[in-house]
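In what follows, a single structure is set out as structure tokens and then discussed.
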Amino acid sequence: MEWCESMPKVELHAHLNGSIRDSTLLELAKDLGEKGVLVFSDFEHVILKSDRSLVEVFKLFDLIHMVTTDHTTISRITREVIEDFASENVVYIELRTTPKKNKSIGMSKRSYMEAVVDGLKSINSVDVAFMPHDVDAQSPLNSMSIDNTCNVIPRKRIYVRLLLSIDRRETTEDAMETVKLALELKDVGVVGIDLSGNPIVGEWTTFWPALQFAKENGLAITLHCGEVPNPKEIQAMLDFWPQRIGHACFFEGDNWEKLKHLNIPVEICLTSNIRTNSISSLDVHHFDDLYKANHPLVICTDDSGVFSTSVSKEYSLAASAFGLGKKEMFQLARDAIEFIFADNEIKKILNQVFDSFVTNLA
Ligand code: 5GP
């Protein structure tokens, strides 16, 4: 586990509100409980339950959104989530979130995203590079700061990019609004669009126009795909040819062959798949087949808060479940650089980060 933590890692599938710290969630819920907005004991019970079906997970998200959706809280959880990933040596993350509207508190999708960006700007315990021009090829791994006793201490650096999620409950117009917002926010590090939300809700044809518009305007796309058995939708998603897909639990026959043929990178979230019963056990997880077929893969957390996991834990789990050693895990982490949505300059920097880790090891 220790080496999984110390090596650099790339996280490409993390939902902001799903990555909230348990302690923060409980604190916020307690506050709202005291104000009479919710019954804290009911909330506590739901948070502390460890095994949830996919349907129960979405009920939990509704509860989480009740306590997190105001600008100050969104900035706070953005800051904490990035600090947590940086602390376990995630050097590049694409953090995804669904821009939300809430008229009663004057929140628009844009002001929600501004709160996320404010959260990124407020981080000072680690170096956060999130603007497209925020690159430092001279010192890509970490920088130095001086503490109050004049000691020079290295600071971790994390490169952050944002993906805007379309929730499957949304209309075509809502989805289009999110895509247009993403295009306007490219200069603060938005690089792509995700389609997520309860997989038994909504139709592919509702989201397609907005996703197609995003693609035509140069945004990269990742889709939650095959979280439930729905071969027709999986086929339509593959025909769309997104840059990456998440999960891919319920692929069969031609769709499975096509996924491999198109070589679309898959974001693998082991704990999430097991906890939501999408996959019955790791011995039958599709990671093994894809890994052996040399298919592009990246190990991710999905919702580190909701599933009580971390990127390091997911690497450790993959290593033990599929019999992979340090060298293989390091290579897997490094291979993920190729599937990021940021530009080649960032890829070059990340390669330097991985090179310097190898040098440090020697
Ligand atoms: P947010 O977008 O509010 O920052 O993060 C939470 C949201 O991400 C959830 O409400 C849901 O729409 C989406 N999400 C989180 N985990 C999953 C997952 O495992 N599957 C799907 N389809 N959506 C998810």
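Residues in the range 220-239 that are open to solvent by less than 10 Å² (accessible area, probe 1.4 Å) and part of a helix (DSSP H, G or I): ILE234, MET237, LEU238.
Every test in (1) within 19 Å of the chain's Cα centre (by Cα); (2) within 16 Å of the ligand (Cβ to nearest atom); (3) among the small types (Gly, Ala, Ser) is passed by SER111 save one, and that test is (1).
Against the list (1) within 15 Å of the ligand (Cβ to nearest atom); (2) more than 18 Å from PRO99 (Cα to Cα); (3) in contact with a strand residue (DSSP E or B) (Cβ under 9 Å, 6 or more places away or on another chain); (4) free of Cβ contacts under 8 Å to residues at least 60 places away in the same chain, the condition GLU203 fails is (3).
Counting only residues that are within 15 Å of the ligand (Cβ to nearest atom) and either surrounded by 23 or more Cβ atoms within 10 Å (Cβ to Cβ) or among the hydrophobic types (A, V, I, L, M, F, W, C) (or both), the range 166-177 holds 2 of them. Only helices (runs of 4 or more DSSP H) whose full extent lies in the range 257-331 are considered here, and the ones with at least 2 residues that are open to solvent by 70 Å² or more (accessible area, probe 1.4 Å) and closer than 22 Å to ASN89 by Cβ are 311-322. With respect to LEU60, is the statement that it is open to solvent by 10 Å² or more (accessible area, probe 1.4 Å) and either farther than 21 Å from ARG169 by Cβ or within 13 Å of the ligand (Cβ to nearest atom) (or both) true? Answer is no for this residue. Failed condition for PHE213, given (1) buried (at least 19 other Cβ atoms within 10 Å of the Cβ); (2) away from the ligand (no atom under 16 Å from the Cβ), with all others met? Here PHE213 meets the rest and fails (1). Any residue in the range 1-30 that's aromatic (Phe, Trp, Tyr): show its pairings with residues that are surrounded by fewer than 16 Cβ atoms within 10 Å (Cβ to Cβ) at Cβ separation under 8 Å, as long as the two are six or more apart or on different chains. Partner pairs satisfying both residue conditions: TRP3/LYS326.
Residues that are near the ligand (Cβ under 10 Å from one of its atoms) and either open to solvent by 70 Å² or more (accessible area, probe 1.4 Å) or touching a Ser or Thr at 6+ places or on another chain (Cβ under 6 Å) (or both) were ranked within the range 16-56; the one that is modelled with the lowest pLDDT is LEU54.
When each of THR98, THR149, THR69, THR73 is tested for being open to solvent by 10 Å² or more (accessible area, probe 1.4 Å), over 30 Å from ASN344 (Cα atoms) and at pLDDT 95 or above, the lone residue that passes is THR73.
When restricted to residues that are touching a helix residue (DSSP H, G or I) at 6+ places or on another chain (Cβ under 7 Å) and either in contact (Cβ under 8 Å) with a residue 60 or more places away in the chain or assigned to a loop (DSSP other than H, G, I, E, B) (or both), the range 206-219 contains 2. Can you say whether GLU267 is without any contact (Cβ under 8 Å) to a residue 60 or more places away in the chain and acidic (Asp, Glu), as far as the supplied structure shows? No; evaluated as a whole, the condition is false for this residue. Before we move on, is HIS247 touching a helix residue (DSSP H, G or I) at 6+ places or on another chain (Cβ under 9 Å), under 22 Å from GLY18 (Cα atoms) and either within 16 Å of the ligand (Cβ to nearest atom) or open to solvent by less than 10 Å² (accessible area, probe 1.4 Å) (or both)? Yes.
The values are calculated or read from the model by the stated rules, or taken from the named source; none is laboratory data. The structure presented is a predicted model; accordingly, all values stated were derived computationally and were not measured. Every residue, glycine among them, receives a Cβ derived from its backbone with ideal geometry; neighbour counts consider all protein chains shown. Please note that ligands, DNA and RNA were not included when accessible areas were found on the heavy atoms of the full protein model with its side chains. Shrake-Rupley method; radii C 1.70, N 1.55, O 1.52, S 1.80 Å.
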